[in-house]
1. Any residue at all in segment B:1-16 that is at the interface with another protein chain (Cβ under 7 Å from one of its Cβ atoms), charged (D, E, K, R) and in contact (Cβ under 8 Å) with a residue 12 or more places away in the chain?
2. Looking at B:ASN151, B:ASN182, which is the one that is buried (at least 19 other Cβ atoms within 10 Å of the Cβ), free of Cβ contacts under 8 Å to residues at least 40 places away in the same chain and farther than 16 Å from B:LYS6 by Cβ?
3. Do you know which residues across segment B:115-135 are over 17 Å from the mean Cα position of the chain (by Cα) and among the small types (Gly, Ala, Ser)?
4. For segment A:97-131, give me each residue that is under 16 Å from A:PHE60 (Cα atoms) and under 17 Å from the mean Cα position of the chain (by Cα).
5. Looking only at segment B:1-33, which residues are under 21 Å from A:ARG115 (Cβ atoms) and touching a Gly at 6+ places or on another chain (Cβ under 9 Å)?
6. So which residues in segment B:21-43 are among the polar types (S, T, N, Q) and surrounded by fewer than 24 Cβ atoms within 10 Å (Cβ to Cβ)?
7. Restricting to segment B:33-79, give me the number of residues that are more than 8 Å from chain A (Cβ to nearest Cβ) and not in a helix (DSSP H, G or I).
8. Mind listing whichever residues of segment B:160-191 are of a type in the set (Ser, Thr, Tyr) and within 16 Å of B:LEU109 (Cβ to Cβ)?
Amino acid sequence: MLESTVLSGHHDNSRAKTRMPDRMTISAEPNIRTGQWEDALTYVAVNADKAAYAELFSYFAPRLKAFGMKMFGNEQQALEMVQDTMLNVWKKANLFDASRGCASTWIFTIARNVRFDMLRKKQSRKDDISADDLWADGDYPEQEGSTTEQWETMLMSEKLAPHFDALPPAQRMVMQKVYLEEKSHQEVSDELGIPLGTVKSRIRLALDRLREALDDTRS
Amino acid sequence: MTHAVKFHPGMMLMEQYVEGTLSAEVALAVATHIDLCPHCQHLCQDLHNDQGSQLAKLAPETNNNADDFAQMLEFITAQQPNTGSHAPKQQESVTVNVNGREFRIPRALSRLVTQQSKWLQLGGIATAKLPAGEKTHVSLLYIDKGTEVPNHSHLGMEMTLVLSGRIYDESGEYGAGDLLINSPDDTHTPHTRADEDCLCLSVLSAPLKFNKGLVRLLNPLQQFFY
C-alpha cells in the first residue's frame, strides 16, 4: 500500500516530471515523512494497529532480509531473522521509547540481538552469554546525580590539573586555599598575612591564566 | 574522587560491538566497560543511530517469494502484542563477595555472576569462572592489597577490565572502567598497592597449543589464571 500511494503520487505530480527524468522518479526512494515510523510504532503499541504495522512491515521486512542475507548468506536463516525481529517489533512496540532514538535504530538493535542469539544458540549451551547481557539498549540508569555532568567535571579537573600546577607559586597557593580547601578570601588573607585585595587579584590572575590555557587545548 | 576512565576500547571494537560481530566474550568485556563509562555510552548510542539509519537506507531485498512476507505478516499480527507502558526495570544491584569484601557488579555481568564458579584462591589472588564459550575463558579476578601477579606472558589475547579498585603495571595505573588489552607478546607484572585491592574481569583466549600434555605441568600458574 505504501508502494501504491507513492507511485500514484508520482503519476499525478507533474512538477516531479518536469524536474527530473522519468526513470529517476521511479527508482527514487519512497518519501518517508519524518517521524512516520515512530508514529506507526506508537499506533501499534497503543491500539495493536494492524494497518500501521503493515506499513512498517512492508518497509522494514525486505530491508531486514537484505541485512540478514549479508550476515548469514542464506535465505532461510535471513527469513528466520526477519520473522523473529518483526515479531518482536509487533509484540514489544510498547517498549519503544522515541526519546531514546528513532524507530530504525530500535529495529536494528532487535535484529542484531536476534541474529546474535541465533548464532550463539547454534554453537553453545544455554546460560551462556546472551544478547540481553551484552546490550542494554540504551537503558543506562541515570546514576546518582547526573553522571555525565560528574564525569565532565572530572575530565575538566584532569585537564586543569597540569595548568593548575604550572601557576606561579604565589597564585597557586591562594587558589589552593580558596578552591581546594574552601577557605574564604578573608581567611586566606589572614593566614598568608597578605592584603585582601592581593588575594582577590591573585585569584583573578590565576583564573585568567587557567581560562587561557584551557582555550589553547581546545580545538 | 571517582576514577575518570582513561583506557577505552578502540573505535573498531566499539563498531563491531554495536554491529554484534565481536565474539561474545570480547563483547562482554566491551559491554561491561560501557556500563562503567558514560563517554562510551554516548559513543555507543551514536553508533547505534548510525546503524539504524543504515538499515533504513539499505536497498530492500527484491528476490522474494511474495507469499513469504504475506504469510509472515499474517502470522505475526495474529499474535497477542504485549500491553502496558514501558516501566523502566529497576535494576536490583548484584554484588559478589570475596576476601570479606563486597563488590557491586555492572549490569552486563549481573546475570552471569549468579552462575560463577567457586573462588579459587592462591596467595593474594582469587579467580572465579563465568559461563562462556569453549575457546575463551571469562573470569573474575580478585587481587588483594599489596599483591603482585607473577610476571607472565600470554599465549593468547588477554583483556582485563578493572571493575573496582586500582591496579598498576609497567605501563601505568588502571582504575574502574579501564580496559587493558594484552597481546601474546606482552609481558607484564600487574600489582596492587598496599592500600587498595582490585576486582577485574578477565577474558583470555585459549592457548590452543598448550592445552594438553606435559607443557601444562611446566606452567602450573597457567592453569590457575586461565
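1. No: segment B:1-16 contains no residue that is at the interface with another protein chain (Cβ under 7 Å from one of its Cβ atoms), charged (D, E, K, R) and in contact (Cβ under 8 Å) with a residue 12 or more places away in the chain.
2. Only one candidate qualifies: B:ASN182.
3. Those that are over 17 Å from the mean Cα position of the chain (by Cα) and among the small types (Gly, Ala, Ser): B:GLY123, B:GLY124, B:ALA126.
4. A:CYS102, A:ALA103, A:SER104, A:THR105, A:TRP106, A:ILE107, A:PHE108, A:THR109, A:ILE110, A:ARG112
5. Across segment B:1-33, the qualifying residues are B:SER23, B:ALA24, B:GLU25, B:ALA27.
6. B:THR21, B:SER23, B:GLN41
7. Matching residues across segment B:33-79 total 4.
8. B:THR160, B:SER164
The values are calculated or read from the model by the stated rules, or taken from the named source; none is laboratory data. The model shown is predicted, which means the values in this text are computed figures rather than measured ones. Counting neighbours? That spans all protein chains shown, and the Cβs are built from the backbone with ideal geometry, glycine included.
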